[in-house]
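Read through the structure below, which is laid out as C-alpha cells, and then see the notes.
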Amino acid sequence: MALRAFFDGLSPLSRYQRFFAGFPAIPDPLLEDFCRADDERHAGRSVRAAGRIIADGRLVLDDDDWAELAVVVSDDWHGRGIGRRLAGHLVHLALARGWRHLKADYLAENRRIAGLLRDAGFALAAAESGAGLRVARLAPSAAASGALAPSTAPAGR
C-alpha cells in the first residue's frame, strides 16, 4: 500500500514530528483511519511525484468544530515548498466547507512547521497539554485573507 510505504519511509525524526511518538512504523489502526477519510469530517490529501507519495496532509474536524491540520513531507523532498502548498490547499478546503476554526499541534523544535504556520497567519502558542508541544490557531479573518494561498505550480524535482 502506497500510504504505508510513505509513512514507513519517513525518517524516525519525521515520524516523531508528525505523530509525537517514536514508533518504527505507522500502526495499523491509524493507517486504517487515514484510508477511511470520509471527506466530511476527515479530509486527506496526498502529493505524488516520482511514482510515489511524497507528502500527506490531513484535516480532521473535532467535536468542538475545530479542524486540525497536519502535514508531513518525505525527507528527500523537504525545502521545496510542497508542505506549504499542501497546507494551503487544505486551509482552502476547510474554508470552502465552512470550517472557520483551524489549529495545528506541533513540537516546539519543529521550526519548519512553525515557520510555515506563522507565515500563514496562524497564532503560535504553548499548548496546555505538554512542555514541548505547541499549538497554532488560525483566526477566521486570517484564514479569509488567503495568507496561505495554494499554488498550482508543479512540485518538480
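Where a number appears in this text, it was derived from the coordinates with a stated rule and is not lab data. Keep in mind that this is a model prediction, so the values were computed, not measured. Note that we place each Cβ from the backbone using ideal geometry, even for glycine, and neighbour counts take in every protein chain shown.
Within the listed set A123, A104, A21, the Gaussian network model of the chain (springs between alpha-carbon atoms below 10 Å) gives the highest mean-square fluctuation for A21.
So how do R97, R52 line up by other beta-carbon neighbours within 10 Å, fewest first?
Values: R97 15, R52 12.
Ordered by Cβ neighbours within 10 Å, fewest first: R52, R97.
Packing-wise, with mean Cβ within 10 Å as the measure, how do 106-118, 81-93, 39-51 rank, highest first? Walk me through the intermediate numbers first.
Numbers: 106-118: 17.5, 81-93: 21.0, 39-51: 14.3.
Highest mean packing first, the order is 81-93, 106-118, 39-51.
Candidates S74, G98, Q17 compared by Cα position along the dipole of the chain: farthest toward the positive end lies S74, with charges placed on Cβ.
Given charges of +1 on the Cβ of Lys and Arg and -1 on the Cβ of Asp and Glu, with all other atoms neutral, how large is the dipole of segment 6-121 about its Cα centre, in debye to the nearest 20? Provide the component values of the computation, followed by the final result.
Numbers: 17 positive and 18 negative charges, 135 e Å.
Once rounded to the nearest 20, the dipole reads 640 debye.
Under DSSP H, which helices of the chain have Cα atoms covering 15 Å or more of the helix axis and a Kyte-Doolittle average no less than 0.5? Walk me through the numbers on the way to the answer.
Details: long enough: 82-96 (21 Å, 0.87).
For the chain, where a helix must reach 15 Å along its axis and average at least 0.5, the hits are 82-96.
Can you tell me how much longer the chain between Y16 and R100 gets when fully stretched, taken as 0.36 nm per residue apart minus their C-alpha distance, in nm with one decimal? Let's see the in-between values first.
On the way: separation 84, 0.36 × 84 = 30.24 nm, distance 2.81 nm.
That pair, Y16 and R100, stretches by 27.4 nm at full extension.
Using a Förster radius of 25 Å, what is the FRET efficiency between A127 and L30 based on their Cβ-Cβ separation? Nearest 0.05, please. Plugging the Cβ-Cβ distance into 1/(1 + (r/R0)^6) gives 0.75. Starting from a Cα-only point model with no solvent, please compute log10 I(q)/I(0) by Debye for the chain at q = 0.19 1/Å. The computed values of log10 I(q)/I(0) come out as -1.33.
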